[in-house]
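Participant: If you scroll down you'll find the structure; I have some questions about it.
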Amino acid sequence: MLALFFAPFALLQYPFGVLSDSVGRTIPIVAGSLLYGLAVIGVGLAPTVVLAGLGMVLVGVIGALMSPATMALVTDLAGESGRGTAMAGFNAFGSVGFLAGILVGGTVASEVGYFAAFVVAGGAELALALVTLPRLLELDLPVEEQPTD
């Protein structure tokens, strides 16, 4: 199941990074976060392993949409001399979040059930997207100029 997530997540990062450079960071981050939360809940709702696997592919695609835009946002907001530190902080908090997700998801799954764990994970993504949306929309983010051939 993790391979069904990680294959599209890895393979689509480059094309979605190109997209982020052409349309900006906001659309991939906002749309991706909302769709990601719903897709995670959808995996929990899947009545069969095959549908859960298809859901994991979708989660990987949506994650690939968000990831390069989010990392680019970090470098957009960091000063030129602080980009390495900013990315290190981003990755550190992301790793702690990943660990917390495993611990919280595992606890919820063992205490309440797997569906509840997917609702908590997807719901947390939706809640974070909605809480941070006003601040993201306030940012004055550059859109990269695309070279003309």
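Participant: When a/c is below 1.5 the answer is rounded, else prolate if a/b is larger than b/c, else oblate, so apply that to the range 1-44 with a ≥ b ≥ c taken from the square roots of the Cα gyration tensor eigenvalues.
Facilitator: Cα axes put the range 1-44 in the oblate bin.
Participant: Still on this structure, please answer the following. Most mobile of 25, 135, 83 per a Gaussian network model of the chain (Cα springs, under 10 Å)?
Facilitator: Comparing 25, 135, 83 in the GNM, the peak value goes to 135.
Participant: Would you list 14, 36 from fewest to most Cβ contacts within 10 Å?
Facilitator: On the way: 14 11, 36 22.
Lowest to highest Cβ neighbour count: 14, 36.
Participant: Helices from the chain with mean Kyte-Doolittle at least 1.6 and a Cα length along the axis of 24 Å or more, per DSSP H: which?
Facilitator: Span-like helices here: 26-45, 49-77.
Participant: Please give the charge dipole size of the chain, origin at the Cα centre, charges +1 on K and R Cβ atoms and -1 on D and E Cβ atoms. Round to the nearest 20 debye.
Facilitator: Numbers: 3 positive and 10 negative charges, 96 e Å.
Taking the Cα centre of the chain as origin, the dipole is about 460 debye.
Participant: Can you tell which of 101, 137, 84 lies farthest toward the positive end of the dipole of the range 32-149, using +1 and -1 charges on the Cβ of basic and acidic side chains (Lys, Arg; Asp, Glu)?
Facilitator: Most positive-ward Cα: 101.
Laboratory data are not the source of any read-out in this text; all were calculated from the coordinates shown. Small disclaimer: the values here were computed from a predicted structure and weren't measured. We place every Cβ from the backbone using ideal geometry, glycine too, and count neighbours over all the protein chains shown.
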